[in-house]
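Every number in this text was worked out from the coordinates using simple rules, so none of it is lab data. As the structure is a prediction and not an experimental result, all values here were calculated from the model. We place every Cβ from the backbone using ideal geometry, glycine too, and count neighbours over all the protein chains shown.
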Amino acid sequence: MKWRSLCSALLVMLGLTIVLSACGGGDHTSPAPSGSITVTVMETDYKIDSSIKTFKAGQLYHFVVANNGGLTHEFMIMPKAGSSMHMHDAHDEALVMLENIAPGEIKSVDYTFPDAVAGTQPELSCYLAGHYEAGMKQSVAVEAK
């Protein structure tokens with residue numbers, strides 16, 4: 001089953017790369033580090049969808065974030081879901097942040113959830129003005145090793 005999921009994720013990423021390249025999108029990704037698990041994140045105007053929604057503390061993840069919307073977005077992993085903080089505070093609190101992801105652009109970042117985050121529900125989000133409030137957030141879970 002894992003092999004089928006991996007193949008599906010790779011096909012989605014290949015398809016995105018081809019489509020976004022044809023649209024003039026930029027690819028600012030680094031190769032996935034050895035031993036990491038690739039997470040495909042699709043951003044559209046006011047929605048975030050992640051290929052993985054439950055993570056394990058201590059595991060290295062390679063997040064590949066594609067902006068399929070018409071507006072510039074950002075990608076953040078916040079320590080907890082449901083936060084109603086201001087953009088400046090969110091940037092200070094973020095566990096991970098990719099800024100200024102232009103329409104059609106793909107960026108990547110590597111991250112390992114620490115043991116201290118196990119048992120929590122972080123959030124994938126965009127805190128650009130009005131985006132979070134319009135629905136650009138997705139709760140995820142982090143399990144212990």
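Residue 126 sits among other residues whose Cβ lies under 12 Å from its own Cβ, and their net charge, with Lys and Arg +1 and Asp and Glu -1, is -4.
Near residue 97: Cβ cut-off under 12 Å, other residues only, Lys/Arg at +1 and Asp/Glu at -1. The net charge is -3.
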